[in-house]
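The values are calculated or read from the model by the stated rules, or taken from the named source; none is laboratory data. Since the model is a prediction, treat every value here as computed from it, not as a measurement. As a convention, Cβ positions derive from the backbone with ideal geometry for all residues, glycine included, and neighbour counts pool all protein chains shown. Surface areas here come from the heavy atoms of the whole protein model, side chains and all, with no ligands, DNA or RNA. Shrake-Rupley method; radii C 1.70, N 1.55, O 1.52, S 1.80 Å.
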Amino acid sequence: MSHLIIPAVPKAPASCLDLWRQKNDRLVHQARLARDTSPSLRRQRLAQDILEKFRGLLHTLQGLPAAVPALPLELTVTCNFIILRASLAQGFPEDLTQDIQRSLERVLETQNQLGPKLEQGLKELWNSVLHSSSLLPELLPALHCLASLQAALWLSTDHLGDLALLLQTLNGSQTEASENLLLLLKSWSSPAEMSDAPLTLQNASALRDVVLTAFAYRQGFQELITGNLPSALSSLHEAASGLCPQPMLVQVYTALGTCLRKMGSPQKALLYLTAALKVGTTWAPPLLEASRLYRQLGDTSAELESLKLLAEALSATHNPEAPKLLIEVDLLLPQPDPASPLHCGTQSQAKYLLASRCLQAGRAEEAAEHYLDLLALLLDGSEPRFSPPPSPSGPCMPELFLEAAAALIQAGRPQDALTVCEELLSRTSSLLPKMSWLQENVRKGTRKLPHCPLWVSATHLLQGQAWSQLKAPKEALSEFSQCLELLFQAVPKDKEQGSGSTYEDLYSCSDVALQQLRVAALISRGLEWVSSSQDTKALNDFLLSVQICPGNRDGSVYLLQTLKRLDRKNEATAFWREAQTHLLKEEAAWSVPLYLETYLSWLHPPNCETLLEEFQTSLLESHDL
């Protein structure tokens, strides 16, 4: 007996629950390792493989009757599956709500709360689960993690009312004062996890911080757009102190700069814009805002330098970051709004802003070069469709050509301006033959005649000015006359009835633009007649210009000067007495295209006010005599 060897008792096999938990933890470790894997394609394949294994594990757990001991693991696996799937999809697929709903139903099954409640929506299911009197404490950490995913889903889909009710239930507060989502999120405290709890890719506390940051970011931008600046400032500060990834931190700092600029604190705004640039991920938003800030301060050089850097920043190619296999703030936000003050647009839009601001600032040489660069960019096929710059309204492609031609004329490059105008007409000539059948329809009484597109008339106007600069009066007069012939066929947009088609919109224009174009063409042709010593013909054009636009200072001064040269003092006196009430008034601020605004500035007589005062004095002296 003393030599009898008693065999050792074999070690009991681990339970299925332990094996499943080990598999969950192993998959979490693999997912964390995959985050640092490069290249991104390999990371994507690894993550997809891990996702499928989480899916299989979840199906295994949910294939068994719901049981309290297995629920913490089952809920944790559900959370890990949702986190990884949403990260790979860069959003929340619609069927993820089914995973959350199924988990809540499994919790209620263990509470013997079956029946009609299973047919209720997510909001009712959450209310039933969280108000259950028999809910075990060890289930709460995993349940709060699932609740944080529900909060993320509802925030991303704009179900803010449902989100508020969920947070009120989690916080145990149901008063009206507790409806502030930001306060509810800040006061939400998830239960501490047990040391032996299954691993999660993101716990409830981390997910809550993501939701809190996303909501603060979203609310701050909405309040900034609506003009509620103090509230916007508070929300944006909250977002900046949260879990912002670097690209979003740039956006938040830039929005803070925008807010402070609008609140009259440009120096503080500049500090935030500098901080945004130092983050170093994307420079476009702070550069665009910096250009606005310098424009507000009147620092044109700094404004234009910011716009140059903006165009360069938008021309650089950025490789999108690979998903980090986590729920991040940007997944909970809507798509960027083109109307947002931080929307930077494309490289061509930035170049347009730069070119147009140079033109407005009187830097014609720089403007001309930037416009030519922009046209080359747009016409070489790299950006086939030109869309408006980030402003309420932007130019159509023909207007861009016209602005370029105006910049070239102002820069003293009339021959280049003629080339741009000819290019515009050649590229759009296919639109013009349609006028023939429209005129035929008018003769038959079946359709009104819309005018030739406004930009065609404007093209002839600019060509006339270019020929005038080249000292070619015959060609200049021909272009001005052709412009006027087209303009006097025009029908203002607000006088067209029932115009709803895209084609008719192309052939319509505003009253103001049409009026000012006619005035500009008449004054231009009149000045050309004056240069040719044909004052009588010039007088007719100047007179017609003031009849079209009574009180127009430029036309009135040229008319008075011409009458004086023709020694028609009585007519000059009569015109002055009739017109001076209009001339004494401030001219209205017109909204006209930039090329026309630039052109009109060329027509101002030098020392206009002095000339009017001298004429008034000479009339008074002659009257005294």
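Rounded to the nearest Hz, the phi-derived 3J(HN,Hα) couplings of segment 190-205 under the Karplus curve 6.51 cos²θ - 1.76 cosθ + 1.60 (θ = phi - 60°) are 7, x, 5, 7, 5, 5, 9, 6, x, 6, 10, 5, 9, 7, 4, 5, where x marks glycine and proline.
Prolate is the label for segment 59-111, because the ratio a/c of its alpha-carbon gyration tensor axes (a ≥ b ≥ c) is 1.5 or higher and a/b is greater than b/c.
Using the Cβ-Cβ distance between Lys564 and Thr274 with R0 set to 45 Å, the FRET efficiency from 1/(1 + (r/R0)^6) comes to roughly 0.15. The stretch between Asn180 and Thr536 holds 120.6 nm of extra length on full extension. This uses 0.36 nm per residue minus the Cα-Cα distance.
Computed about its Cα centre, the charge dipole of segment 215-339 is approximately 220 debye, with only Lys, Arg, Asp and Glu carrying charge at their Cβ.
Express the Stokes-Einstein translational diffusion coefficient of segment 325-366 in µm² s⁻¹, to the nearest whole number, given a Kirkwood radius over alpha-carbon pairs, 20 °C and a viscosity of 1.002 mPa s. In µm²/s, the coefficient is 164.
A DSSP coil position with no more than 16 other Cβ atoms inside 10 Å describes none of the GluC sites (Glu not before Pro) in segment 132-212.
Against the empirical curve 2.2 N^0.38 Å, the C-alpha radius of gyration of segment 245-366 lands at a ratio of 1.11. Which shape class applies to segment 522-574: rounded if a/c is under 1.5, otherwise prolate when a/b exceeds b/c and oblate if not, where a ≥ b ≥ c are the square roots of the Cα gyration tensor eigenvalues? Verdict is oblate for segment 522-574.
Relative to one another, the C-alpha centroids of segment 177-246 and segment 282-318 are positioned 31 Å apart. If you take all C-alpha pairs in segment 291-361, what percent of them are over 19 Å apart? Counting every Cα pair in segment 291-361, those more than 19 Å apart make up 49 percent. Counting only protein heavy atoms and using a 1.4 Å probe, the accessible area of Lys262 comes to about 110 Å². Take the cross-link list Lys123/Lys324; Lys278/Lys324; Lys537/Lys564 and give me the ones stretching past 18 Å between alpha-carbons. Where the Cα-Cα span goes over 18 Å, the pairs concerned are Lys123/Lys324; Lys278/Lys324.
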